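To start, the structure under review is shown below, and the notes come after it.
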């Protein structure tokens with residue numbers, strides 16, 4: 001995997017070993033950021049971060065900060081290794097369950113990236129509370145699933161890319 005655009009364009013990033021994580025492909029990441037648009041100065045939350053590829057892409061494209069939330073210890077080590085390799089990025093890695101991490105979170109984010117395991121229902125997480133007024137939530141699901149209804153958020157668009165579906169939500 002590699003960073004698609006921005007200051008770290010072309011840099012290779014590692015993915016956790018095994019089948020526990022499903023890194024978002026370069027093609028899907030590129031299409032996601034085409035839909036999102038500019039992220040300059042954004043505060044980003046990357047939930048179920050896996051390798052951290054989505055959050056790292058946002059940081060490379062000009063996001064100010066990113067909080068990565070991942071409960072798999074090997075994946076957290078991979079995210080930290082990727083951050084060390086790229087250097088100089090403002091980021092925090094929380095190695096814990098998404099629901100637990102968000103229960104005490106009081107900040108708001110301009111961009112929330114959520115890519116839960118396909119058998120996980122993350123639709124009850126407090127996205128509306130965490131999303132800034134003009135913020136976006138990008139929710140990745142299996143291409144076979146319909147996008148979930150999320151309390152307090154309106155669906156902007158939903159697009160299918162191979163086996164993945166990206167749905168963008170706003171307040």
Point to revise | Potential lengthening between residue 133 and residue 77 on full extension [0.36 nm per residue; Cα-Cα distance subtracted] | key: 16.9 nm
Check your understanding: Taking the chain as a Gaussian network, Cα atoms linked when under 10 Å apart, which of 52, 143, 37 shows the biggest mean-square fluctuation?
Key -> 37
**Study point:** Computed over the chain: relative contact order in percent, which uses C-alpha pairs under 8 Å that are six or more apart
**Key:** 18 percent
Point to revise | Three principal axis lengths of the chain [C-alpha, angstrom, descending] | key: 38, 33, 29
**Study point:** region 34-57 and region 83-123: distance between their alpha carbon centers, rounded to Å
**Key:** 10 Å
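Readers should treat all values here as calculations from the given coordinates under stated rules, not as data from a laboratory. It should be emphasised that the depicted structure is a prediction, and the values quoted were computed from it without experimental measurement.
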